[in-house]
Every structure is written in C-alpha cells, then in structure tokens.
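Taking it in order: structure first as structure tokens, then the write-up.
The values are calculated or read from the model by the stated rules, or taken from the named source; none is laboratory data. Computed from a predicted structure; not experimentally measured. Note that we place each Cβ from the backbone using ideal geometry, even for glycine, and neighbour counts take in every protein chain shown.
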Amino acid sequence: MTMAHDLESDPKNSAGGRVGALLVLTSALPIFQAVLITPILSIVRDADSQHAFATFALRCIVAAPAVSVLFLLPFFGRFADRFQRRHILIFGLTLYAVSGVFIYASPGLISMFAGRLLLGVAVACVMTATASLTGDLFRGNERNRILGLQYAASAAVGMLFPIIGGLIALADWHLVFLFYLIALPLILPATRLPDRIVAAPGEERSFRALALKPLLGSYALLAIGTMVLWLITIQLAFHLSGLGYTSPVTAGIALGTPCLSGILVAILYGRVKRHLSFRTIAAAAFLLMSVSYGAISVTTSLPLLIFALLLAGAGFGLNQPNCSAWLLSQVTTEFAGRAAAGLTFAVCVGQIAAPLIYQALITSIGSAACFAVVSFACLLVALAAFFKSRLAPHPDDKLAARSAAGIG
C-alpha cells in the first residue's frame with residue numbers, strides 16, 4: 001500500500017487532516033508575500049529622496065521573486081523528484097522566514113531587491129514541494145478537495161492581507177516583512193511528513209520518458225486563466241474610474257469580489273469533480289469568465305459589474321484547482337515534482353505576458369473593447385474544451401458521465 005493510500009483510506013483521520021492542513025497553509029505562502037508588499041509601495045517610494053529611481057526600483061523589487069522562480073523552477077522540480085520532497089519544503093520555509101528578517105534588518109532598496117530574489121528561491125521550493133506532495137499523499141476526491149481548499153486559502157489571503165499589511169504599515173512599514181516569519185511554525189509539522197521511495201542515482205528515468213502531450217492542456221489552461229485573471233488585477237480600477245467610479249473604496253470592493261466567489265467555488269471543487277470531467281469543468285470555468293468579461297465590457301451599472309465579477313471569481317475558482325488536479329492525475333510520483341514545476345511556470349508565463357498584451361490592446365482599442373476581446377477568447381477556449389470532451393472522450397469524461405448518471 002502506498003503512502004498516498006495510507007493517508008486517504010480515511011480522509012478524516014488525524015494524520016491525513018494534519019497533512020492536508022499543512023499543505024493548504026503552505027500553498028498560500030506565495031500569494032502571501034506578494035499581497036503584503038503591495039500596500040507599502042507608495043510609502044517606501046515617498047521615504048526615498050530619489051522618487052523616479054525609487055519607483056523603477058520598486059517595480060523591480062515586486063517582480064524579483066518571479067524572476068528567481070522562473071530561473072530556478074527546472075532545478076527545483078528535478079530536486080523534488082530526486083530527493084525527499086519534505087526536505088525541499090523545509091528548506092523553502094526556512095529561507096522564506098530568513099528573507100523577511102533580512103529585508104527588515106536592511107530596508108534599503110538594493111537590500112530589498114536582494115532579499116526578494118532570495119524570497120523567490122523560497123517560493124520556488126514551497127510551490128514545487130507543496131504541489132508534488134499533494135499529488136503524492138492524496139488521491140481521487142480527497143486530492144481534489146485539498147486542491148480546492150488550497151485555491152480558497154490563497155484567495156482569502158489575497159483578499160484580507162492587503163488590508164492587514166496596510167494597517168501595519170501605518171505604524172511602521174518595516175514590520176510588514178516580519179510577517180514572513182509565519183513560515184517558521186510550519187517547519188515542525190513539515191519534518192513529520194512521510195518519506196517516499198526515491199530512485200537511486202543512475203536508476204531514475206528521464207523526464208522525456210513521460211508523455212508530455214497530455215499535460216500541455218493543463219499548462220495552457222492555467223496560463224490562459226492567469227492572463228484572464230490579470231486583466232482584472234491591472235485594469236479594473238482604471239476601467240471603473242473611466243465609468244465615473246473613482247473612489248478607491250469602490251475599486252477595493254470590486255477587486256475583492258472575485259475572491260469571495262472564488263473561495264466558495266474552490267471549497268466546493270471536490271464535490272463538483274465527482275460529477276463532472278476535467279474538460280467539462282474547464283469549459284464551465286471559461287464560459288463563466290466569458291460571460292463575466294462580456295458583461296463588464298458593456299455595462300456601466302455598478303451592481304451589474306459586481307455580479308459579473310462574482311461570475312469571474314467562480315470561473316477562476318474552478319480553473320486553477322482543476323488544472324492542478326488534471327495534471328496530477330496523469331503523472332506518477334517519480335515525475336510529480338517536475339510536472340508540478342511546470343504548473344508554476346505556466347502561472348509565471350501568464351503573469352508576465354498579461355501586462356504586455358493588455359497594454360497593446362488597451363492602447364489601441366480601449367478598456368471596454370479589451371474586456372470584450374478577452375471574453376470572446378474565453379468563449380473559444382470553453383467551446384474547444386466542451387467539444388473535445390464530446391468528440392474525443394478522455395477516460396475521465398466517461399467516469400464523470402457514469403457518476404452523473406448514478407452508475408458504478
């Protein structure tokens with residue numbers, strides 16, 4: 001019996017519950033570090049005498065972890081497959097806390113940039129180890145439930161901690177970086193994670209032995225979904241301002257709205273997956289995004305905009321756990337680290353590509369038309385996923401159909 005089945009034989013047992021809770025918490029650390037720094041950017045800039053340089057430097061500081069993640073993911077994916085994943089996680093958690101203390105102790109812009117690069121190393125470790133451990137230790141419905149909770153936790157952090165970080169910054173913005181010490185209490189439970197059998201040197205199979213084509217759909221859907229999400233992140237406040245809703249409170253409420261529906265839908269993802277296939281869920285997710293962005297492109301009513309954003313959040317809450325679950329269902333444990341690293345790489349690609357694409361679109365056709373174009377693109381993705389599930393059914397599609405019919 002594998003350790004995955006040991007934990008899942010009774011999903012409510014204390015060992016499985018503790019491990020699941022740990023992996024949900026570690027999955028929120030990457031977004032935690034990002035949202036904490038956002039509220040203090042203007043304060044840090046104003047504290048520097050050279051505002052122009054400080055503005056440019058802060059943009060680099062915000063992006064620094066993503067740079068480290070992109071460059072190091074291939075290595076940490078391989079390390080996670082070659083060594084015990086819990087060791088990678090423990091190293092990442094330790095480095096996460098150390099980077100926060102380093103930035104707090106040396107708050108200059110250059111030191112902040114170096115500390116954030118170091119933080120990127122920690123994030124690469126934590127993201128890769130968390131995703132691959134989730135694939136190792138859980139199967140089927142329980143894995144789907146954990147993946148849904150992971151997205152819900154990240155969405156909750158993204159909604160709440162910008163406010164908390166802003167309140168802390170009113171007293172002293174340096175204190176925000178001490179919040180990175182939250183990783184330390186997670187180290188002890190991480191040391192108790194079960195070991196897995198790893199291949200001896202020279203016996204491990206090359207990643208080329210894994211069929212990559214079935215994984216590309218998960219990577220593509222996650223990258224596209226990230227790009228769609230980032231249109232709200234980088235443009236919604238400007239779009240609302242153009243409609244006459246200039247209050248930052250209105251923008252804050254609007255930006256937090258997708259998180260609310262995303263949390264709810266992600267929590268329910270495990271139940272949804274029992275009845276629908278991966279492709280059908282992907283089609284539903286992108287259909288929700290399409291309807292939402294189409295409504296945003298044409299309406300000027302704030303209540304309708306809020307409703308549209310709720311639909312978008314539901315789509316995001318379905319897409320991310322679905323991509324992770326789909327990928328992990330297709331790889332064996334010996335390849336899970338490198339496959340999971342690919343998911344993180346897809347997210348980074350979406351985040352980097354989005355500002356470049358949207359800047360060109362918004363400049364040439366305007367904000368409303370940009371939302372309309374993205375809505376149409378989401379509709380095409382939804383139709384492709386739907387017809388793919390009908391014309392070339394995956395084994396997962398057949399199982400979902402049997403479950404929905406109450407068979408087997």
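Residues that are among the aliphatic types (A, V, I, L, M) and within 14 Å of residue 277 (Cα to Cα) were ranked within the stretch 356-390; the one that is modelled with the highest pLDDT is 382.
If the condition is being of a type in the set (Gly, Ala, Ser) and outside any helix (DSSP H, G or I), then the stretch 262-318 contributes 277, 301. Considering the stretch 113-143, the residues that are farther than 12 Å from residue 27 by Cα and under 17 Å from the mean Cα position of the chain (by Cα) include one that is surrounded by the fewest Cβ atoms within 10 Å (Cβ to Cβ), namely 121.
Listed here are the residues, each with its yes/no results for (1) modelled with pLDDT under 85; (2) assigned by TED's automatic domain parsing to the domain that holds residue 285; (3) loosely packed, with under 14 Cβ neighbours inside 10 Å.
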| position | (1), (2), (3) |
| --- | --- |
| 145 | no, no, no |
| 148 | no, no, no |
| 157 | no, no, no |
| 162 | yes, no, no |
| 170 | yes, no, yes |
| 184 | no, no, no |
| 187 | no, no, no |
| 200 | yes, no, yes |
| 215 | yes, yes, no |
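If the condition is being more than 22 Å from the chain's Cα centre (by Cα), without any contact (Cβ under 8 Å) to a residue 12 or more places away in the chain and assigned to a helix (DSSP H, G or I), then the stretch 333-372 contributes 359, 360, 363, 364, 365. Total residues in the stretch 288-297 satisfying the condition of being in contact (Cβ under 8 Å) with a residue 60 or more places away in the chain and surrounded by fewer than 20 Cβ atoms within 10 Å (Cβ to Cβ): the figure is 2. Counted as qualifying within the stretch 79-198 are the helices (runs of 4 or more DSSP H) with 1 or more residues that are among the acidic types (Asp, Glu), namely 109-137, 140-171. Here residue 162 fits the description: within 18 Å of the chain's Cα centre (by Cα) and closer than 21 Å to residue 103 by Cβ. The one condition from (1) modelled with pLDDT of 70 or more; (2) more than 30 Å from residue 241 (Cβ to Cβ) that residue 393 does not meet is (1).
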